[in-house]
Amino acid sequence: MINSFIRNNLKTIELVAVVMRIGSFSLVSWLGPHSPFMLVWVVNTIDAVGLSWCAILKRDMAYTLLNVFWVIIGLVGIVRASGVVG
């Protein structure tokens, strides 16, 4: 059922996820070390999950690999920003 929803709204989901990624990286660019890094990592990871899901449904191996990589990097970033790991 959720795959049907994603397929029916694929372009919109991709656009929202790309805007989220642009926004999170823009925030880091503007605020530098004063950025809310946990927020940035959470937003970046959520958009990577959305883009990964879309790429998987489209059977686009290159974008699947790229965005799954960003999910992993995002999870590492969240763990580091939480202070659990230095």
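If you go through the stretch 27-60 and keep only what is aliphatic (A, V, I, L, M) and under 16 Å from Glu14 (Cα atoms), you end up with Val43, Ile46, Ala48, Val49, Leu51, Ala55, Ile56, Leu57. Taking the stated definitions as given, is Ala62 in a helix (DSSP H, G or I), modelled with pLDDT of 95 or more, of a type in the set (Gly, Ala, Ser) and more than 30 Å from Gly83 (Cβ to Cβ)? So Ala62 passes the test.
Out of the residues in the stretch 30-49 that are farther than 17 Å from Val76 by Cβ and not small (Gly, Ala, Ser), which is most open to solvent (accessible area, probe 1.4 Å)? The extreme case among them is Trp30. Considering the stretch 16-28, and only residues there that are of a type outside the set (Val, Ile, Thr) and more than 13 Å from Ile46 (Cα to Cα), the residue that is surrounded by the fewest Cβ atoms within 10 Å (Cβ to Cβ) turns out to be Ser26. Scan the stretch 63-85 and tell me whether some residue there is more than 30 Å from Phe5 (Cα to Cα) and surrounded by 14 or more Cβ atoms within 10 Å (Cβ to Cβ). Within the stretch 63-85, one or more residues are more than 30 Å from Phe5 (Cα to Cα) and surrounded by 14 or more Cβ atoms within 10 Å (Cβ to Cβ).
The values are calculated or read from the model by the stated rules, or taken from the named source; none is laboratory data. What you are looking at is a predicted structure, and each value in this text was computed from that prediction instead of being measured. Heads up, the Cβs are rebuilt from the backbone with ideal geometry, glycines too, and the neighbour counts pull from every protein chain shown. Ligands, DNA and RNA are stripped out before the accessible areas are found, and what is left, the full protein with its side chains, is counted by its heavy atoms. Shrake-Rupley method; radii C 1.70, N 1.55, O 1.52, S 1.80 Å.
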